[in-house]
1. What are the residues in the stretch 297-326 that are part of a loop (DSSP other than H, G, I, E, B), out of contact with any Pro (no Cβ under 6 Å at 6 or more places or on another chain) and free of Cβ contacts under 8 Å to residues at least 60 places away in the same chain, if any?
2. Kindly establish whether Gln150 is assigned by the TED database to the domain that holds Ile82 and surrounded by fewer than 16 Cβ atoms within 10 Å (Cβ to Cβ).
3. Evaluate the stretch 74-89: report whether one residue or more is touching a Leu at 6+ places or on another chain (Cβ under 6 Å), closer than 24 Å to Gly196 by Cβ and either in contact (Cβ under 8 Å) with a residue 60 or more places away in the chain or not in a helix (DSSP H, G or I) (or both).
4. Give me a count of the residues in the stretch 205-221 that are in a helix (DSSP H, G or I) and open to solvent by less than 40 Å² (accessible area, probe 1.4 Å).
5. Out of all the residues in the stretch 189-204, which are outside any helix (DSSP H, G or I) and either of a type in the set (Lys, Arg) or in contact with a strand residue (DSSP E or B) (Cβ under 8 Å, 6 or more places away or on another chain) (or both)?
6. Can you say whether Glu70 is out of contact with any His (no Cβ under 9 Å at 6 or more places or on another chain), farther than 29 Å from Val197 by Cα, assigned to a helix (DSSP H, G or I) and open to solvent by 10 Å² or more (accessible area, probe 1.4 Å), as far as the supplied structure shows?
7. Being at pLDDT 95 or above and outside the structural domain of Arg180 (by the TED database) narrows it down to one residue among Ile268, Ile254, Ile320, Ile279; which is it?
8. So which of Ala237, Ala303 is assigned by the TED database to the domain that holds Ala54 and either among the polar types (S, T, N, Q) or surrounded by 13 or more Cβ atoms within 10 Å (Cβ to Cβ) (or both)?
Amino acid sequence: MKPFLALFGRALVTLLLLVPQLSAEAVGAGARPSGGERAPIRVGVSGPFSGPSAPMGLSMREGIRIAAAELNAAGGLLGRRIELVERDDEASNELGAQIVRDFIHRDRVTAGLGIVNTGIALASQRHYQVARIPVITSVATGSLITKQFQPPEFAENYVFRVSASDTLQAAVIVEEAVGRRGLTRLAILHDATNYGVLGSQDLVTTLRARGLAPVAVERFQLRETDMRAQLERARAAGAQAVLTYGIGPELAHIANSMAHLGWQVPMIGSWTLAMSSFIELAGRNAEGARMPQTFIAEARTPAQAAFLAAWERATGSARIPVPPAA
């Protein structure tokens, strides 16, 4: 765990030193309450801790809590304890933006962490940017997230990310379908959120670079359970595989609808195909799905082993619902 914590700590220190409100005097001494203890560094953590996106949000929040607890046990950052200010955005763009405004103006956070859904990132990060408060996006993968605030309009960009962008994921998905499997007739199924729409556009762009175009592009709504109509159109178009951009529950309904139709073609998509809700709802129909992953819950290195042990101590369970989010 120590290599990760050292990197995480250095990143936070670097970002904290960027914040204009945190003067050199404040960094050196910190505001001191009457008891003499140096004031904590308040970090806003927002994400979906309820609803369909909750497996990602809860995994992310626990990972952040583990890192903050271990950093505090080692003396904190800049001699000050980290205090997490946590809020559930319920995967709502409007609520997510309001939470960030509250973080800035009411809670007086020094930095932000979190954000799972691409739409919420795009709706809320402008408030961090305008306030010149750095935010590290922990999970949201939309390619546009770190490209909103570019010169010459913005001299400095306060938005950072640690997750694999959809530009990267689309390249891996297409390489799996086209490069490794030799498939050329591909259908795209995506949800109607910013995540699904922008992710599908990244897939189209990546296919175009290989001289290909999807034979079908089909959209579905959140909480839609019957995907047979979209899949029947894709099959009629001669699709050899289904490329997906959505989250766990709807992805499971795609897999289940494919099984209902008796259509056995590969299902290849973004990292959300590894969500616990996909695996649980699709059951045996999830077998064979392929997706990029940035962390698999196996103790292949000392750092991974230490994190997995810390997770089990903190949660009482060895299972992580969404390991890359954690």
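1. Our first condition is that a residue be part of a loop (DSSP other than H, G, I, E, B); within the stretch 297-326, this holds for 297-301, 316-326.
With out of contact with any Pro (no Cβ under 6 Å at 6 or more places or on another chain) added as a condition, the list becomes 298-301, 316-320, 323-326.
Hits for the stretch 297-326 are Glu298, Ala299, Arg300, Thr301, Gly316, Ser317, Ala318, Arg319.
2. Working: assigned by the TED database to the domain that holds Ile82: yes; surrounded by fewer than 16 Cβ atoms within 10 Å (Cβ to Cβ): yes.
When the stated conditions are applied, Gln150 passes them.
3. Yes, there is a match, as at least one residue in the stretch 74-89 is touching a Leu at 6+ places or on another chain (Cβ under 6 Å), closer than 24 Å to Gly196 by Cβ and either in contact (Cβ under 8 Å) with a residue 60 or more places away in the chain or not in a helix (DSSP H, G or I) (or both).
4. So the first thing to find is which residues in the stretch 205-221 are in a helix (DSSP H, G or I), and the list is 205-209.
So of that shortlist, the ones also open to solvent by less than 40 Å² (accessible area, probe 1.4 Å) come out as 206-207.
So the answer is 2.
5. So in the stretch 189-204, the residues outside any helix (DSSP H, G or I) come out as 189-193.
Once the filter is applied, which keeps residues that are outside any helix (DSSP H, G or I) and either of a type in the set (Lys, Arg) or in contact with a strand residue (DSSP E or B) (Cβ under 8 Å, 6 or more places away or on another chain) (or both), the stretch 189-204 yields Leu189, His190, Asp191, Ala192.
6. Values: out of contact with any His (no Cβ under 9 Å at 6 or more places or on another chain): yes; farther than 29 Å from Val197 by Cα: yes; assigned to a helix (DSSP H, G or I): yes; open to solvent by 10 Å² or more (accessible area, probe 1.4 Å): yes.
Yes; evaluated as a whole, the condition is true for this residue.
7. Details: Ile268 fails: outside the structural domain of Arg180 (by the TED database); Ile254 fails: outside the structural domain of Arg180 (by the TED database); Ile279 fails: outside the structural domain of Arg180 (by the TED database).
Criteria check complete, one pass: Ile320.
8. On the way: Ala237 fails: assigned by the TED database to the domain that holds Ala54.
Just a single option satisfies the conditions, and that option is Ala303.
The values are calculated or read from the model by the stated rules, or taken from the named source; none is laboratory data. Keep in mind it's a predicted model, so treat the numbers as computed, not measured. Every residue, glycine as well, gets a Cβ built from its backbone with ideal geometry; the counts of neighbours run over all protein chains shown. Only protein heavy atoms, including side chains, enter the accessible area calculation; ligands, DNA and RNA are left aside. Shrake-Rupley method; radii C 1.70, N 1.55, O 1.52, S 1.80 Å.
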